[in-house]
Amino acid sequence: MEAMPSGEILTIAVVENDQNVLIRVSDQGDGIPEELLPRLGELFYSTKETGTGLGLLVSTKIIRDHGGSLDITSELGEGTTVVISLQKQKPCSREGL
């Protein structure tokens with residue numbers, strides 16, 4: 001939302017298949033230059049003036065610790081899309097409770 005100061009649209013979609021749940025967040029902001037994409041999630045790297053560079057790093061670690069992945073694509077002038085993929089877990093049995 002910070003990347004869209006003029007009030008563009010932020011879209012969130014959840015798609016489910018047999019093995020995964022995909023959460024797709026897309027914005028219509030300015031986009032991220034291609035050369036910066038590999039640095040996203042790097043320790044203490046931030047493009048924000050007051051950023052710590054920890055938010056995306058911690059979020060990515062939590063997602064990976066749960067067997068998931070995070071993918072970021074961006075196009076200048078078009079916006080950015082983040083896709084979080086999480087593996088479905090088998091339902092717990094109530095018999096053991």
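Mind grabbing the accessible area of Asp71 for me, 1.4 Å probe, Å², rounded to tens?
For Asp71, solvent-accessible area is about 90 Å².
Calculate the tail of P(r) for segment 1-88: the fraction of all Cα-Cα distances greater than 19 Å, expressed in %. It would help to have the intermediate numbers written out before the result.
Numbers: 1719 of 3828 pairs.
That tail contains 45 percent of the Cα-Cα pairs.
5 Å is the cut-off here: which amide hydrogens, built 1.01 Å from N in the peptide plane, fall below it relative to Asn20, excluding neighbours closer than 5 in sequence?
Amide H neighbours of Asn20: Lys88.
Put +1 on the Cβ of every Lys and Arg and -1 on every Asp and Glu Cβ in the chain; which of Thr11, Gln28, Ile62 then has its Cα farthest towards the positive end of the dipole?
Projecting each Cα onto the dipole axis, the largest value belongs to Ile62.
Under a cut-off of 18 Å between alpha-carbon atoms, report the lysines in cross-link reach of Lys48, not counting same-chain residues fewer than 8 places apart.
Once the sequence-local lysines are set aside, nothing remains near Lys48.
Grab the Cα-Cα distance for Asp71 and Leu36, subtract it from 0.36 nm times how many residues apart they are, and report the gain in nm with one decimal. Before the final figure, lay out the partial values.
Details: separation 35, 0.36 × 35 = 12.60 nm, distance 1.39 nm.
So the extension gain works out to 11.2 nm.
Quick one: angle between helix 55-65 and the longest Cα principal axis of the chain, in degrees between 0 and 90, rounded to 10, please.
Helix 55-65 and the main axis of the chain meet at about 20 degrees.
So, taking all protein chains as they sit and a 1.4 Å probe, how much accessible area belongs to Lys48, in Å² rounded to tens?
About 120 Å², ignoring ligands and nucleic acids.
The values are calculated or read from the model by the stated rules, or taken from the named source; none is laboratory data. Owing to the predicted nature of the structure, the values given are computational and were not obtained by experimental measurement. Please note: Cβ atoms are built from the backbone with ideal geometry, for glycine as well, and neighbour counts cover all protein chains shown. Heads up: the accessible areas ignore ligands, DNA and RNA and are worked out on the full protein's heavy atoms, side chains in. Shrake-Rupley method; radii C 1.70, N 1.55, O 1.52, S 1.80 Å.
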